[in-house]
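To start, the structure under review is shown below, and the notes come after it.
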Amino acid sequence: MDCTVGLGGHSALLLENGAGRLLGLDRDQDALRIAAERLAAFGNRVDLVHSDYRQLGRVLDSRSIVGIDGALADLGVSSMQLDAEGRGFSFRRDEPLDMRMDRSQGPTVADLLVDVDEEDLANVIFQFGEERHSRRIARAINHRRAAGRIESTGELAEIVRRAVPVRGYQRIDPATRTFQALRIWVNRELEGLDAFLNDTARRLLAGARFAVITFHSLEDRIVKHTFRAIASAGEAWRVLTRKPVIPGDDEITRNPRSRSAKLRAIERLA
């Protein structure tokens with residue numbers, strides 16, 4: 001199982017290293033089209049499905065698959081989504097304020113900002129972005145939207161930058177945490193994550209492993225505590241990563257976006 005197939009890089013490695021059959025899920029249809037081309041050489045060994053990874057149980061049941069020999073989930077936004085024009089994930093370009101991973105359904109960030117309560121918005125920015133200036137930012141957004149919809153990433157980024165007090169050198173752009181928070185919010189990234197982890201781990205066959213890659217502390221915390229709870233419930237599972245596996249200097253040099261990645265894994269023993 002590749003629960004977040006993306007552009008198919010991980011799936012290709014799994015297939016090249018012994019996976020006889022791969023079932024891949026992704027809610028981004030653009031990514032699936034690219035992955036299908038990349039994995040075409042593997043023929044009918046690959047089954048790609050347009051689905052949220054939290055629907056993994058339903059997808060397996062629809063194919064009468066009882067157990068799986070291994071699973072991987074690479075959570076969060078992908079490089080393709082960050083770099084693709086018109087998706088609205090990045091404030092490096094001024095483009096429509098969308099941020100949906102699955103553009104076939106649900107409201108955009110621009111839609112959600114129309115009538116969200118100021119206090120609720122502040123809570124979203126604080127909880128999902130760990131932004132200590134969340135109330136200032138929510139107040140600034142609320143003040144600006146009185147004049148109409150906030151439609152673009154550039155406009156939102158400037159609102160946030162003006163709201164955040166700047167003192168000396170800033171390692172990251174002041175808008176970074178707010179954009180992360182709004183992306184997590186619109187895609188419901190943390191909603192049901194623990195249930196997905198539990199369901200996937202319990203579908204592992206004996207000797208199978210489930211690896212999860214996260215890119216921010218909120219996800220990593222959920223994975224860490226859920227895996228520990230599963231392993232402590234009995235002797236059938238073992239957490240393989242007492243501490244998360246993190247990229248080395250060489251990998252970060254090759255791929256700077258990997259610097260915040262953390263991998264945790266659990267194994268089904270019996």
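The table for this structure:
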read-out: Dipole moment magnitude, nearest 20 debye, the chain about Cα centre, only Lys, Arg, Asp, Glu C-beta charged; value: 760
read-out: Rounded to 10°, Cα long-axis angle of helix 153-163 versus longest principal axis of the chain; value: 60
read-out: Accessible area per residue in Å² at 1.4 Å probe, computed on the chain; value: 51
read-out: The chain, helix-only ellipticity at 222 nm - DSSP H runs n ≥ 4, -39,500 (n - 2.57), divided by all residues, nearest 500; value: -12000 deg cm²/dmol
read-out: Nearest-20 debye value, region 224-270 charge dipole, Cβ charges on Lys, Arg, Asp, Glu; value: 180
read-out: Label-reachable residues, region 199-213, where backbone N falls under 12 Å from a point 7 Å from Ser62's Cα toward its Cβ; value: none
read-out: Angle in degrees between helix 134-145 and the longest Cα principal axis of the chain, rounded to the nearest 10; value: 60
read-out: Whole-angstrom gap from region 113-162 to region 236-261, using each part's C-alpha centre; value: 32
read-out: Accessible carbon and sulfur surface of region 23-136 relative to its total accessible area, %, 1.4 Å; value: 44
read-out: With all protein chains modelled, accessible area of Leu263 [1.4 Å, Å²]; value: 50
read-out: Top positive-direction residue, dipole computed over the chain with Cβ charges, set Asn123, Ala12, Thr253; value: Thr253
read-out: Integer Hz, Karplus 6.51/-1.76/1.60 couplings in order for region 49-60, x for Gly and Pro; value: 10, 7, 6, 5, 4, 6, 9, 3, x, 5, 5, 5
read-out: Apportionment of accessible area to carbon and sulfur, region 161-268, percent (1.4 Å); value: 49
read-out: Magnitude of the charge dipole, region 129-266, Cβ model with Lys/Arg +1 and Asp/Glu -1, debye to 20; value: 400
read-out: Set of region 46-78 residues, backbone N closer than 18 Å to the point 7 Å along the Cα-Cβ line of Leu13; value: 70-78
read-out: Karplus 3J(HN,Hα) series, Hz, for region 99-112 with 6.51 cos²θ - 1.76 cosθ + 1.60 (x for Gly, Pro); value: 6, 6, 6, 10, 7, 7, 7, x, x, 7, 4, 4, 5, 5
read-out: Extension gain from Glu191 to Asp83, taking 0.36 nm per residue of separation minus the Cα-Cα distance; value: 36.4 nm
read-out: Amide proton proximity set for Leu240, modelled H, under 5 Å, gap of 5+; value: Ala265, Ile266, Glu267
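The values are calculated or read from the model by the stated rules, or taken from the named source; none is laboratory data. Since we're looking at a predicted model, the values are computed, not measured. Positions of Cβ are backbone-derived with ideal geometry, glycine not excepted, and every protein chain shown enters the neighbour counts. Keep in mind that these areas ignore ligands, DNA and RNA; they rest on the heavy atoms of the full protein, side chains included. Shrake-Rupley method; radii C 1.70, N 1.55, O 1.52, S 1.80 Å.
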